[in-house]
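Engineer: I'd like to ask you about the structure that follows.
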Amino acid sequence: MTQFIIDPAQVEQHNANQRGALQADYDALGDMLSRRGVDIEALTAKAQTFAVAVPSWGVGTGGTRFARFPGVGEPRDVTEKLEDCAVIHQLTRATPTVSLHFPWDKPADPRALRQQADALGLGFDAVNSNTFQDQASQAHTYKFGSLTATSQAAREQAVAHNIDCIELGKVLGSKGLTVWVGDGANFPGQSNLRGALERYIDSAKGIYAALPADWLMYIEHKLFEPAFYCSVIADWGTSFAVAQQLGDKAKCLVDLGHHAPNTNIEMIVARLAQFGKLGGFHFNDSKYGDDDLDSGSIDPFQLFLVFNELADAALRNPAFSPAYMLDQSHNVTDPIESLMSSAVEVQRAFVQAALVDRTALAGFQEGNDALQAAQTLKRAFRTDVSPILAMARLRAGGAIDPVAAYRASGYRDAVAVKRPPKAGASGSGIV
Ligand SMILES: [Mn+2]
């Protein structure tokens, strides 16, 4: 029996007030889609299959390199983070799992944490290691790198931390480890470019060897920052090469923000899927660099084009199931509202991609009809599938309008009283 954080009667009341308008919109959209030969019920059922993991670090207010302005009622530890994640899933019914980050979320008792998650109807997605900052207790600094450090002791410490993450994840029921390192250089000549990658691969092999048979290791690349001259795992090509070297359980993770502006990310997605190395995503959006803005807030068309490639890959291989995670930093919004809205935006792209008439598209591609091929994609992208998403939530017990239901619940005010700020509380980071 799932323990709901927000009184289900409140959600029902919210839905009762909106149900009539939703049904009218849903029926109108259903008529329009049926004229295009599309069954709205099949799309709604598909929408209900969608799931994206919430990052534990996302429920706290993020920050920039300059400052962090904490919000009220922020979770102070991992158990409170899980409560916020449960609210997001209760209202959206699209975020059944949480992605933890160690050591930020290291539980005193991992079994108790798993029991709490079970009670809240949550599971754990991939766990994330952290070797991009020093912890008070560690013997060797990561100032000059972790998995690629010239210091063998620092490398061994970083490998051991990743193996600790796997061990914790096993207790929690996770099935994957995401590895991102900030290793790189700020000056030409600072680092031997090939030597650093050789050390990375050697370290990664040590982690890979500790991976259970049913786990995946996700290699996350990032173009720049904190290293500003070169990053060791800077791009999908390097990530792909590393994943090839490690073996079948190593896959590439695409964080949408970790590319140069204007990079054709959907093509990267297509390439990685073609060669069986697309492991999953960190969804967010950006205008300039790794901005970690809310998914779909800047370029929803790019998000749609990514899902268009994923729909194509799924048609070719029904077993294809990349891991979906959000990875955002919320500086000026209530993190719960941002994460709910972002989950819905990613789900929107998923449903819009399912609307693409793939037979027509293939015909236009074959016949070199560029204009109609582009219009086929645009027709799907321009379709407002909001009533489908709302109906999927309603049928699954969620809220027709998650943000409105959340605000009406008074949850933030209630936790502001229960969670007074704690001195020195770990804020949130972003990877
Ligand atoms: Mn990321």
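The values are calculated or read from the model by the stated rules, or taken from the named source; none is laboratory data. Just so we're clear, the structure is a prediction, and the values are computed from it rather than from any experiment. In this analysis, Cβ positions are derived from the backbone assuming ideal geometry, glycine residues included, and neighbour counts consider all displayed protein chains.
Engineer: Take Ser174 and decide whether it is within 24 Å of Ala112 (Cβ to Cβ), surrounded by 20 or more Cβ atoms within 10 Å (Cβ to Cβ), of a type outside the set (Asp, Glu) and more than 16 Å from the ligand (Cβ to nearest atom).
Structural biologist: On the way: within 24 Å of Ala112 (Cβ to Cβ): yes; surrounded by 20 or more Cβ atoms within 10 Å (Cβ to Cβ): yes; of a type outside the set (Asp, Glu): yes; more than 16 Å from the ligand (Cβ to nearest atom): yes.
Taking the combined requirement at face value, the residue satisfies it.
Engineer: Still on this structure: In the set Pro421, Pro402, which member is in contact (Cβ under 8 Å) with a residue 24 or more places away in the chain, closer than 26 Å to Ser99 by Cβ and in contact with a Pro (Cβ under 7 Å, 6 or more places away or on another chain)?
Structural biologist: Details: Pro402 fails: in contact with a Pro (Cβ under 7 Å, 6 or more places away or on another chain).
The unique qualifying residue is Pro421.
Residue by residue, here is whether (1) without any contact (Cβ under 8 Å) to a residue 24 or more places away in the chain; (2) on the phi < 0 side of the Ramachandran plot; (3) outside any loop (DSSP other than H, G, I, E, B) holds:
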| residue | (1), (2), (3) |
| --- | --- |
| Val54 | no, yes, yes |
| Ala86 | no, yes, yes |
| Ala117 | no, yes, yes |
| Gln138 | yes, yes, no |
| Thr148 | no, yes, no |
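Engineer: Run down Ile201, Ile163 and say which single residue is part of a helix (DSSP H, G or I), touching a helix residue (DSSP H, G or I) at 6+ places or on another chain (Cβ under 6 Å) and over 22 Å from Asp327 (Cα atoms).
Structural biologist: Values: Ile163 fails: touching a helix residue (DSSP H, G or I) at 6+ places or on another chain (Cβ under 6 Å).
Ile201 is the lone residue from the list that is part of a helix (DSSP H, G or I), touching a helix residue (DSSP H, G or I) at 6+ places or on another chain (Cβ under 6 Å) and over 22 Å from Asp327 (Cα atoms).
Engineer: Also, I was wondering about something else. Out of (1) more than 16 Å from the ligand (Cβ to nearest atom); (2) buried (at least 19 other Cβ atoms within 10 Å of the Cβ); (3) in contact (Cβ under 8 Å) with a residue 60 or more places away in the chain, what's the single condition that is false for Ser386?
Structural biologist: Every listed condition holds for Ser386 apart from (2).
Engineer: If you take the residues in segment 56-70 that are surrounded by 17 or more Cβ atoms within 10 Å (Cβ to Cβ) and assigned to a loop (DSSP other than H, G, I, E, B), which one is modelled with the lowest pLDDT? Reasoning before the result, please.
Structural biologist: So the first thing to find is which residues in segment 56-70 are surrounded by 17 or more Cβ atoms within 10 Å (Cβ to Cβ), and the list is 56-63.
Remaining after also requiring assigned to a loop (DSSP other than H, G, I, E, B): 60-63.
Numbers: Gly60: 94, Thr61: 91, Gly62: 89, Gly63: 85.
The residue in question is Gly63.
Engineer: Exactly one of (1) buried (at least 16 other Cβ atoms within 10 Å of the Cβ); (2) within 22 Å of the chain's Cα centre (by Cα); (3) among the small types (Gly, Ala, Ser) is unmet by Ala149. Its number?
Structural biologist: Unmet condition: (2).
Engineer: Tally up the residues in segment 233-263 that are more than 24 Å from Phe301 (Cα to Cα), outside any helix (DSSP H, G or I) and more than 16 Å from the ligand (Cβ to nearest atom), please.
Structural biologist: 4
Engineer: From (1) within 24 Å of Gly206 (Cα to Cα); (2) of a type in the set (A, V, I, L, M); (3) more than 24 Å from the chain's Cα centre (by Cα); (4) surrounded by fewer than 24 Cβ atoms within 10 Å (Cβ to Cβ), pick out the condition that doesn't hold for Ala108.
Structural biologist: (1)
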